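Some notes on the structure that comes next.
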Amino acid sequence: MGGFSFDNYQRNKFLTAKGYPVPTATATGTTIVGCRFDGGVVIAADTRATEGEIVADKNCEKLHRMSPNIWCAGAGTAADCEMVTQLISSNLELHAMSTGRAPRVVTCLTMLKQHLFKYQGHVGAYLIVAGCDPTGPKLFSIHAHGSTDVGYYLSLGSGSMAAMATLESKWKSSMTKQEAMDLCAEAIEAGIWNDLGSGSNVDMCVMEVNKPAVLHRNYRTPNERSIKQKSYVFPRGTTAYLNEKVKPMIKPVAYDIFEETVTSTGGEQMEIDG
Amino acid sequence: MYAEHFSEPATSHVASAPIEHQFYPYASNGGTILAIAGADYALLAGDTRHITGYSINTRFRPSIHTLENLGGPERAIVVAANGFSADGDALVRRLAQRAEWYTYNHNKPLSVSACARLVQTMLYGKRTFPYYVHTIVAGLDESGRGEVYSFDPVGSYEREQCRAGGSAASLLMPFLDNQVNKKNQYDAATGLPQVATDLPLEETLKLVKDAFSSVTERHIHVGDYLEIKIVTKEGVKVEYFPLKRD
């Protein structure tokens, strides 16, 4: 039977009282959205990962593949999103092999929510699950305690209010694929600009019925770094050292040349610099 | 190992502490400031982003203040108090008033060193309820050389060549140590440590812009615009430089 081990509960409480608090997992600021359109569903995410007020990764991936046609955007505790997504993805694959059918989005949703509920919110994954299966395009969100929502458009994470502001003002029913992609990108950008926990680029995944899902890594890159004003290349010899020892990394091996052939590389000329 | 402590009752004081509600008078409004003194200039720079938590209150809130002074524009003093912006504003307003009174009482310009001592007494005057700020004062001395003074929240201060303050000070300061004071750099020919020399204003300006654009990349409190105030014998010049807005 699964479940957390509470063996150290008393010990940790004692240590906390003594002034050694339990280390906290990194809850990354994030903006993630999802939106349905005629014949498919699209999800998107920003690419900033933070450790407190420091940007840990400027271009991380928050879109996870659950199965070839079901994708998941994750917010909350980065490690929990990654691991819960991997675990359920594996189980979904086993399920698909045992049934001989492509997995459904509701199956993925149920497996995720039952896992999260079991851990009573201690697995801090906040997910937007989307995909296409024989029953059509589907879009759901799951909170860490296991509750789920269905919607035509959804947002989660610290930038969810900024994103939802965009979704609420611009969403309309029966959108085209391009309209849904533009809306999602704009909603993520609202998070990128207005939420300090979100930033950098927009990642996107489009899932259409009877088509392979398409991941648009860095669909928009509105935060390219400008060129620096100065060069910071240090001249050779700038760094001090106490002593120097040079060792050959490969031992020279004695050999004789028996034959040497030079062959043409064909029609294409080798590229030569300058 | 901890067996003897396991007998502690389940409702220890950690879990059963009574809920307390108290007023916390301070806030953190982000931003970062940076000052560098040169042979014939002093410069104070800071980003204009004003935040609380994960929200941006405004993208443009200039925070480098100029104290007009007797003795012409070159005697102007620039001040910034970064941290809790309400305290920073209160401190700068009161300092401006005190600086004005000084010129009335003594009929001479307030020197930067005297201004620094005044800031110390003002900060220490609130030793038991401090202004929650990192303060930097910059200007030119009597001979026209740049000088920078930096303060902790309760008035401890020092004259320095360069200093960073605020949210991303810990990111800026090592860069400044290396590039301005030539720390950890040796001369390739002689093997001796490189010595810090006064940087020309042009170079310093490039350095400051690069420093802020780099810090913007890695610190979520910094961004939007960079405001630079430069004190020379011509007076105070202001320059703005766009930073990333994410």
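Numerical summary
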read-out	value
Where labels lie 7 Å past Cα in the beta-carbon direction, separation of A:ARG225 and A:SER264 in nm	4.7
Under 13 Å, Cβ to Cβ, from A:THR50 - net charge with Lys/Arg +1 and Asp/Glu -1	-3
Net charge of neighbours whose Cβ lies under 14 Å from the Cβ of A:PRO103, counting Lys and Arg as +1 and Asp and Glu as -1	+2
The range A:26-220 shape via C-alpha gyration tensor axes, a/c threshold 1.5	oblate
Net lengthening on full extension, A:THR99/A:LYS18 (0.36 nm per residue, minus Cα-Cα)	23.8 nm
Pair A:VAL209, B:TRP101: separation of 7 Å Cα→Cβ label points (nm)	7.8
FRET E, pair B:GLN22, B:LEU192, Förster distance 56 Å, beta-carbon r, rounded to 0.05	0.50
Sequence of B:TYR26, A:TYR241 from largest to smallest accessible area, 1.4 Å probe	A:TYR241, B:TYR26
Selected from B:GLY53, B:GLY139, B:GLY31 as most flexible by GNM, with chain B as the system and alpha-carbon contacts under 10 Å	B:GLY53
In range of the label at B:LYS108: residues from the range B:130-170 whose backbone nitrogen is under 14 Å from the point 7 Å along Cα→Cβ	B:142-143
0 to 90° range, to nearest 10: angle between helix A:105-118 axis and chain A longest Cα axis	90
Net length gained if the chain between B:ALA39 and B:ARG218 were fully extended (0.36 nm per residue, minus Cα distance)	61.3 nm
Eligible aspartates and glutamates near A:LYS177 by straight Cα distance, threshold 20 Å, same-chain separation 8 or greater	A:ASP38, A:ASP46, A:ASP133, A:GLU168, A:GLU186, A:GLU189, A:ASP203, A:GLU208
The protein assembly as shown shape via C-alpha gyration tensor axes, a/c threshold 1.5	prolate
Qualifying lysines (Cα of each under 22 Å from Cα of B:LYS233; at least 8 residues distant if same chain)	B:LYS108, B:LYS206
Partner chain coverage, peptide A:222-235 - average Cβ within 10 angstrom	4
Partners for A:LYS18 among aspartates and glutamates (Cα-Cα distance below 17 Å; same-chain residues under 8 apart left out)	B:GLU4, B:GLU8
Highest-fluctuation residue, B:PRO200, B:PRO174, B:PRO25 considered, GNM on chain B with Cα pairs under 10 Å	B:PRO25
Per residue accessible area in Å² of the range A:26-220, where ligands, DNA and RNA are left out and the probe is 1.4 Å	41
Net charge contributed by nearby residues that have their C-beta within less than 15 Å of B:LEU192 (K/R +1, D/E -1)	+1
In the A-B interface, the accessible area buried, summed over both sides, Å² (probe 1.4 Å)	3500
Solvent exposure ordering (accessible area, 1.4 Å, most first) of A:THR176, B:THR103	A:THR176, B:THR103
Within 10 Å of each Cβ in B:207-220, the average number of Cβ atoms from other chains	4
Residue among A:ASP57, A:ASP80, A:ASP203 with the largest mean-square fluctuation in a Gaussian network model of chain A, springs linking Cα atoms under 10 Å	A:ASP57
Longest DSSP-loop-exposure-free segment, trypsin sites (Lys or Arg not before Pro), chain B, at most 12 other Cβ within 10 Å	B:1-126
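The values are calculated or read from the model by the stated rules, or taken from the named source; none is laboratory data. Everything numeric here is computed off the predicted structure, so don't read it as measured data. Note: ideal-geometry Cβ built from the backbone for every residue, glycine included; neighbour counts use all protein chains shown. Remember, those area values only see protein heavy atoms, side chains included, never the ligands or the DNA or RNA. Shrake-Rupley method; radii C 1.70, N 1.55, O 1.52, S 1.80 Å.
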